[in-house]
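What follows draws every value from the coordinates through simple rules; no lab data is involved. Owing to the predicted nature of the structure, the values given are computational and were not obtained by experimental measurement. Note that each Cβ is placed from the backbone with ideal geometry, even for glycine, and that neighbours are counted across all protein chains shown.
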Amino acid sequence: MQAAPRRTLSVLRTGVDAVDALLPQGGLPLGASVELCGEAASGRTSLALRAVASAHRELRLCAWVDGPKELYPPAAAALGVDLERLLVVRPRAFAQRVWSTVQLARSGAFTAVVLDLTHGVGAPGRPERLALTEARKLVDAAARGGTLVLLLTSPEAPADGLARLRLEARGVQGWSVELERSRGGGVGTRVVRRAPLAGALPGGGAGFRGAAAGRGRSASRGRGAGLLPRPGRPRAQRPGHPGAAS
C-alpha cells in the first residue's frame, strides 16, 4: 500500500453529478466529518465506495472501519475501488471502532476514512449511537489530518457530523438524497434518480452476499500491521468476509 505524490485536493466527488451538486463545495469536503444516513439498501455504502474510488483515482490511500463486517470486496471493486489502496479494519467493540477511526483520520495518511456504524443485515437490537464527545473527536481528527471522515448510520441512530446526507430507496423511482445538515446552505434539497445508486452491482447493492475474493489490505497483516499500536487493539480481518454493500 503506497500513496502517490500529492496534488491539491479539497473535495472527493461521488461521480453522481446530481449528488455532488447538492453539496456546497461540489463534493464531499476533506478535513470534515460527513454522515451518510439511511436504511439498509438505501445506497449509503455504495455512495461511500464511490467517494473512496474517487480518492483512488488520485492514487490516494483510504481506510474502512467495518463495524458490521459486511464490506464485500468484489462489490467495492465494481464501483472502482482499488483494493490494494484500501486498509480494512474490523474492531469488535463499538468504542474500538471509534478509536481506530480517530487514529486513522488524525494520521493524515488517508484521504478518506469510512466508519460503518450500522448494525448489519439481520442483526438483532438497535445500533449503538455515537456520544456527542465521540462525534467531536471524529470532527477534530478529520480537521487535523485533512481527512474526509464518512459516517455510515441508520435513521434510528444518527450521528453528529458536519453535514448529513439522508438516503432513501424509492422503489421503481430509484432513490433520493436529501441534504439535512450543512454549514454551507442548501439544506432540504432533494434529488431523485430512477436508476439504482449501486449501478451494476448484483441486486442493486442491497443484501448481496457471496464468497469474497478481494485483496484489500487488513490491519492484521502486511504493511498495515503497525498502524494501530495499542494494548488490546481491535483485531482486523481480511475483507474477504461474505457481506453486502448496503
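So, by mean Cβ neighbours within 10 angstrom, what's the order for 65-72, 175-182 with the highest one leading?
65-72, 175-182
What is the Cα convex hull volume of the range 11-200 when expressed per residue in Å³?
Each residue corresponds to 107 Å³ of Cα convex hull volume.
How high is the relative contact order of the range 1-149, given as a whole-number percent (alpha carbon pairs under 8 Å, six or more residues apart)?
With pairs under 8 Å counted, the relative contact order is 28 percent.
Grab the Cα-Cα distance for residue 123 and residue 156, subtract it from 0.36 nm times how many residues apart they are, and report the gain in nm with one decimal.
Value of the extension gain: 10.5 nm.
Work out from phi, with θ = phi - 60° and the Karplus expression 6.51 cos²θ - 1.76 cosθ + 1.60, the ³J(HN,Hα) of each residue of the range 59-72, listed in order in whole Hz, and give x for Gly and Pro.
Ordered by residue, 3J(HN,Hα) equals 6, 9, 9, 9, 9, 9, 8, 9, x, x, 6, 10, 5, 10 Hz.
Provide, for q = 0.18, 0.28, 0.33 Å⁻¹, the log10 of I(q)/I(0) from a solvent-free Debye sum over equal Cα point scatterers in the range 71-119.
Computed log10 I(q)/I(0) values: -0.64, -1.16, -1.26.
What is the distance, in nm, between label points placed 7 Å from the Cα along the Cα-to-Cβ direction at residue 191 and at residue 170?
Each label point lies 7 Å from its Cα, and together they span 1.2 nm.
Fewest Cβ neighbours within 10 Å first, please rank 111, 189 accordingly.
Ordered by Cβ neighbours within 10 Å, fewest first: 189, 111.
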